[in-house]
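Enquirer: This structure is in structure tokens; I'll ask about it shortly.
Derivation of every value follows stated rules applied to the coordinates shown; laboratory data play no part. Owing to the predicted nature of the structure, the values given are computational and were not obtained by experimental measurement. Backbone-built Cβ (ideal geometry, glycine too); neighbour counts: all protein chains shown.
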């Protein structure tokens with residue numbers, strides 16, 4: 001031992017210094033940051049350009065900074081109220097023509113953009129034209145192109161722009177005096193609901209001053225399908241909404257919104273809104289607990305962790321406009337170099353390419369799934385079994401529609417009939433896929449596997465997670481025999497579910513290679529029908545076909561919950577608002593001590 | 001350095017254009033535009049052609065656009081790197097000082113309680129996953145005691161650093177706050193680095209401590225040390241002036257690697273503490289096949305590695321005059 005060197009006393013002093021490094025004032029305000037609302041989410045936004053963004057994170061900010069023609073009234077997904085429009089057109093007020101093709105929309109006066117310039121009908125026209133003609137790949141433009149022009153894209157399959165698109169758009173969207181006049185090629189029932197979420201008003205003058213399209217025919221092609229970051233709207237905004245975007249800090253995935261004190265209605269109560277992306281749930285939860293966050297994104301699997309935090313309120317049983325999960329069958333599987341179909345033949349070691357085109361195979365699976373067990377055990381008893389492709393929260397939903405239920409006897413009967421009895425005799429083997437990391441979908445697959453395999457020892461199903469890039473590849477190539485996905489509405493209309501899930505040209509049936517001509521006819525008729533009760537009749541028949549054909553299995557009409565600090569007041573739920581129920585329309589929200597005996601928000605109503 | 005990026009590009013041979021398009025296609029409803037997206041971003045061009053295009057742009061100073069950072073790659077590096085550098089500086093100095101100090105003490109007091117204590121610290125630091133330690137620290141110091149929050153700074157400092165008059169002279173926020181005459185803000189920024197810094201220190205201290213201990217034990221057993229003691233030199237002088245300098249050579253190597261490892265970003269710590277550093281961005285870019293982002297961060301890591309090697313070589317000469325450069 002060497003004396004007089006670095007004695008333990010020095011070490012003790014060092015340790016003591018480290019331990020006393022932080023001395024803190026314990027006092028803190030009861031409501032943290034009373035003028036500022038902080039929402040912590042998972043998602044990362046894409047762009048602030050209303051003509052570009054097609055993701056909920058971006059759209060949540062956009063609809064607080066910009067304003068569309070209409071908005072949903074409170075929690076309703078049917079009733080609209082005017083926003084930058086003066087009135088909502090209807091047959092009763094004569095603003096919708098008798099043939100359902102012309103909509104006259106008076107524009108509100110006295111509205112200003114954040115830069116102080118007045119909103120004009122010409123700005124609204126420009127906004128809609130720009131939304132359509134921008135038409136970036138995989139973007140939202142088709143939502144208005146289809147109803148207003150009659151076709152979903154300004155470019156053909158080779159990417160060549162349609163030179164008539166501008167003229168068609170110009171004819172469809174005109175200004176007459178203080179009115180915006182929309183002329184549709186055919187009646188299109190959901191047009192007003194689409195305009196309640198999309199194509200909010202932007203300033204043409206601001207756009208042109210900042211290098212964007214000037215609204216003319218001569219220049220539109222240059223701005224068709226541009227690069228995201230080339231748009232002046234990408235990270236800067238100039239809307240008419242109750243909040244302005246102060247900055248988008250991409251380094252910290254943070255949006256800072258500040259109150260628009262010149263708003264055309266009474267300015268919002270909140271001075272500032274911060275929306276921040278934090279991936280780690282533990283961190284989000286701790287910040288909610290500490291009061292540094294006022295609401296957070298949290299899925300149902302972690303509800304038990306947030307429910308009992310002091311000062312945190314849970315608002316549950318909130319309606320949604322989504323179908324998730326849905327189990328899709330591929331009617332014609334591409335068996336070339338396909339790792340999911342085994343031998344590719346019905347020989348007990350694989351499945352042939354048309355395995356799921358047999359309705360008895362599909363019904364065998366339909367009766368083998370434990371719908372109530374899934375809701376009880378995976379969804380903690382929340383939600384109800386879906387009755388068809390149209391969710392409960394939308395008109396056209398038929399609560400009396402016959403549904404499948406777990407019935408292993410019936411499952412057995414159908415498998416015994418399938419392919420003339422060969423399926424039962426020889427058995428089959430294939431891989432069932434879900435997107436990796438999604439535990440509810442994994443559990444769903446395991447339930448199906450277990451129940452189907454229990455019917456016949458010759459039935460073999462492998463369950464495998466697939467990463468998103470790999471999934472895309474396989475999905476596009478129709479290589480997935482069964483896949484589990486969800487569908488979230490673009491706008492709250494039954495067409496936005498019926499078409500993508502049941503029409504032969506819809507997103508899923510096109511890949512599944514499913515086609516039922518009667519279903520197609522019903523969907524096409526329903527979109528043209530503006531009488532709601534007639535539409536409901538058409539959708540009721542569609543859902544009967546859905547049950548008969550079983551091209552997919554709908555499982556859950558889900559409900560969501562919201563976790564917020566109990567000092568949050570004024571929040572109300574509308575399931576169509578982007579990122580709801582955690583994300584919000586911030587205008588009515590404020591922070592105040594919880595009133596005695598009441599909740600801070602209302603989750604009731606149609607939503 | 002470019003060899004590393006060429007290797008990465010070669011690995012991309014295994015990913016189809018459809019898989020690489022997943023960076024732009026987030027939802028099944030967008031799949032109809034898949035071919036157009038592939039065409040637009042040139043994802044079907046032969047990979048050597050794609051690499052050549054990228055290299056040409058890099059030599060012009062354009063590292064491409066990072067879809068995950070939502071900004072040009074070069075700007076993303078400038079945005080994320082200073083935060084990581086600052087955290088590295090906060091963590092590295094204590095790691096180095098404590099590692100060498102405790103490692104030396106451990107060797108000098110071999111098999112006594114101090115040695116056992118430091119070995120316990122080393123084992124737990126080495127074995128404990130960083131996310132476990134990080135979350136535990138967060139739960140105690142933030143969740144329970146409300147002392148040390150996650151993130152980069154508080155709301156007030158957020159407004160300050162984004163205000164018009166604030167000058168970002170160095171990119172190191174603590175220093176910038178001091179240069180702007182805002183010591184309270186500097187303390188706020190530093191306070192946000194305490195927990196991630198403590199996590200990094202504890203996890204990384206172990207290795208340095210053990211290497212220093214082994215190296216010191218080896219030196220202390222050599223003849224020249226016995227000679228020095230026999231000559232009657234004080235013990236502290238023998239250790240500090242003679243043994244330690246020789247023991248530091250492997251420590252210098254490890255330290256430079258450690259420094260680079262920290263500079264490359266510590267993704268788990270950054271994720272747990274919501275710290276906007278380069279590690280987190282790099283991993284997200286890799287997960288989402290953000291190729292320009294991956295290449296840019298790889299290029300940065302390769303550059304730092306080369307610089308670290310150079311620094312090590314210089315330090316060897318400082319520590320041991322027997323080593324000549326060139």
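Enquirer: What would the Debye formula give as log10 I(q)/I(0) at q = 0.09, 0.17, 0.23 Å⁻¹ for the alpha-carbon point model of region B:105-228, no solvent?
Expert: Results for region B:105-228 at q = 0.09, 0.17, 0.23 Å⁻¹ read -0.44, -0.90, -1.18.
Enquirer: Could I ask something else about it? Please provide three numbers in whole Å: the alpha-carbon extents of chain B along the principal axes, with the largest listed first.
Expert: Principal-axis extents of the Cα atoms in chain B, largest first: 83, 49, 38 Å.
Enquirer: Please work out the FRET efficiency for the pair residue A:521 and residue A:227, using the Cβ-Cβ distance as r and a Förster radius of 41 Å; give the result to the nearest 0.05.
Expert: 0.50
Enquirer: Right, something else. Once you have the Cα-Cα distance between residue A:467 and residue A:109, take 0.36 nm times their residue separation minus that, and quote the gain in nm to one decimal.
Expert: Values: separation 358, 0.36 × 358 = 128.88 nm, distance 5.03 nm.
Stretched fully, the residue A:467-residue A:109 segment lengthens by 123.8 nm.
Enquirer: In addition: From Cα pairs below 8 angstrom and at least 6 apart in sequence, can you work out the relative contact order of region A:135-283, rounded to a whole percent?
Expert: Computed over region A:135-283, the figure is 14 percent.
Enquirer: Could I ask something else about it? Quick check: pseudo-label points 7 Å beyond the Cα along Cα→Cβ at residue A:403 and residue A:303, how many nm apart are they?
Expert: Going by the 7 Å Cα→Cβ label model, 1.6 nm.
Enquirer: For region B:1-121, rounded, prolate or oblate, judged on the Cα gyration tensor with a ≥ b ≥ c (square roots of eigenvalues), a/c < 1.5 rounded, else prolate if a/b > b/c?
Expert: Verdict is prolate for region B:1-121.
Enquirer: Moving on. Give the Debye-formula value of log10 I(q)/I(0) at each listed q (0.19, 0.32 Å⁻¹), with one equal scatterer per alpha carbon of region A:78-131, two decimals each.
Expert: -0.76, -1.22
Enquirer: Want the number for residue A:453 to residue A:209: 0.36 nm per residue separation, take away the alpha-carbon distance, what's left?
Expert: Result: 81.3 nm gained on full extension.
Enquirer: May I pose another question? Okay, helix-only estimate at 222 nm for chain B: each DSSP H run of n ≥ 4 adds -39500 (n - 2.57), divide by all residues, round to 500 deg cm²/dmol; what do you get?
Expert: Dividing the helical sum by the residues of chain B leaves -21500 deg cm²/dmol.
Enquirer: Can you give the relative contact order of chain A as a percent, counting alpha carbon pairs under 8 Å and 6+ residues apart?
Expert: Averaging sequence separation for qualifying contacts and normalising by length gives 19 percent for chain A.
Enquirer: Here is a follow-up. Could you please tell me the mean projected area of the C-alpha convex hull for region B:206-285, averaged over all directions and given in square nanometres to one decimal?
Expert: The orientation-averaged projected area of the Cα hull of region B:206-285 comes to 6.5 nm².
Enquirer: When A:287, A:502 are ordered from fewest to most other Cβ atoms inside 10 Å of their Cβ, what list results?
Expert: Sorted ascending by nearby Cβ count, the order is A:287, A:502.
Enquirer: Please work out whether region A:83-225 counts as rounded, prolate or oblate from its C-alpha gyration tensor, where a ≥ b ≥ c are the square roots of the eigenvalues and a/c under 1.5 means rounded, while otherwise a/b larger than b/c means prolate and anything else oblate?
Expert: Cα axes put region A:83-225 in the oblate bin.
Enquirer: Once you have the Kirkwood Rh of region A:290-352 from its Cα pairs, apply Stokes-Einstein at 25 °C and 0.890 mPa s and quote D in µm²/s.
Expert: Estimated diffusion coefficient is 147 µm²/s.
Enquirer: Dividing the Cα convex hull volume of region A:113-169 by residue count, how many Å³ per residue is that?
Expert: Working: hull volume 5.5 nm³, N = 57.
Each residue corresponds to 97 Å³ of Cα convex hull volume.
Enquirer: Which ordering of B:313, A:294 is given by a fewest-first count of other beta-carbon atoms within 10 Å?
Expert: If I rank by nearby Cβ atoms, fewest first, I get B:313, A:294.
Enquirer: Let me ask another. Viscosity 0.890 mPa s, temperature 25 °C: give me the Stokes-Einstein translational D for region A:43-142 in µm²/s, with Rh taken as the Kirkwood radius over C-alpha pairs.
Expert: For these conditions, the coefficient is 161 µm²/s.
Enquirer: For region A:198-255, what are Rg and Dmax over the alpha carbons, in angstrom?
Expert: 13.0, 40
Enquirer: Between residue B:236 and residue B:145, what length comes free when the chain is fully extended (0.36 nm per residue of separation minus the Cα-Cα distance, one decimal in nm)?
Expert: Gain on extension, residue B:236 to residue B:145, equals 28.6 nm.
Enquirer: Apply the Debye scattering formula to the protein assembly as shown, with a single equal point scatterer on each alpha-carbon and no solvent, then give log10 I(q)/I(0) at q = 0.05, 0.09, 0.10 Å⁻¹.
Expert: Ignoring solvent entirely, the Cα scatterers give -0.36, -1.06, -1.26.
Enquirer: Further, regarding this structure: Over all pairs of distinct alpha carbons, what does the Kirkwood formula give as the hydrodynamic radius of region A:378-458, in Å?
Expert: Across region A:378-458, the inverse of the average 1/r is 15.4 Å.
Enquirer: For region A:323-465, report the translational diffusion coefficient in µm²/s to the nearest whole number, using Stokes-Einstein at 37 °C, 0.692 mPa s, and a Kirkwood Rh over Cα pairs.
Expert: Values: Rh = 16.0 Å.
Translational diffusion coefficient: 206 µm²/s.
Enquirer: Return, ordered by residue number, the residues of region A:493-527 whose backbone nitrogen is under 16 Å from a label point located 7 Å along Cα→Cβ of residue A:541.
Expert: From region A:493-527, the list is A:503, A:516-527.
Enquirer: Once a ≥ b ≥ c are taken as the square roots of the eigenvalues of the Cα gyration tensor of region A:152-244, is the result rounded (a/c under 1.5), prolate (a/b larger than b/c) or oblate (a/b not larger than b/c)? Show your work: numbers first, answer last.
Expert: On the way: a/c = 1.55, a/b = 1.07, b/c = 1.45.
Note, shape of region A:152-244 comes out oblate.
Enquirer: Rounded to the nearest 500 deg cm²/dmol, what is the calculated helix-only ellipticity per residue at 222 nm for chain A, with -39500 (n - 2.57) per DSSP H run of length n ≥ 4?
Expert: Calculated mean residue ellipticity at 222 nm is -8500 deg cm²/dmol.
Enquirer: How high is the FRET efficiency from residue B:314 to residue B:190, r the C-beta distance, R0 25 Å, rounded to 0.05?
Expert: 0.25
Enquirer: Within a 10 angstrom radius of the beta carbon, how do A:329, A:369 rank from fewest other beta carbons to most? Before the final figure, lay out the partial values.
Expert: Values: A:329 25, A:369 21.
Fewest-to-most Cβ neighbours within 10 Å comes out as A:369, A:329.
Enquirer: Only Cα pairs under 8 Å and at least 6 apart count here; give the relative contact order of region A:551-592 as a rounded whole percent.
Expert: Computed over region A:551-592, the figure is 40 percent.
Enquirer: Still on this model: Assuming R0 = 56 Å, can you tell me the calculated FRET efficiency for the pair residue B:175 and residue A:425, based on Cβ-Cβ distance, to the nearest 0.05?
Expert: Calculated transfer efficiency: 0.15.
Enquirer: Sticking with this one: Along each of its three principal axes, how wide is the spread of alpha-carbon positions in region A:462-607, in whole angstrom units, largest first?
Expert: Principal-axis extents of region A:462-607 (Cα, largest first): 56, 44, 23 Å.
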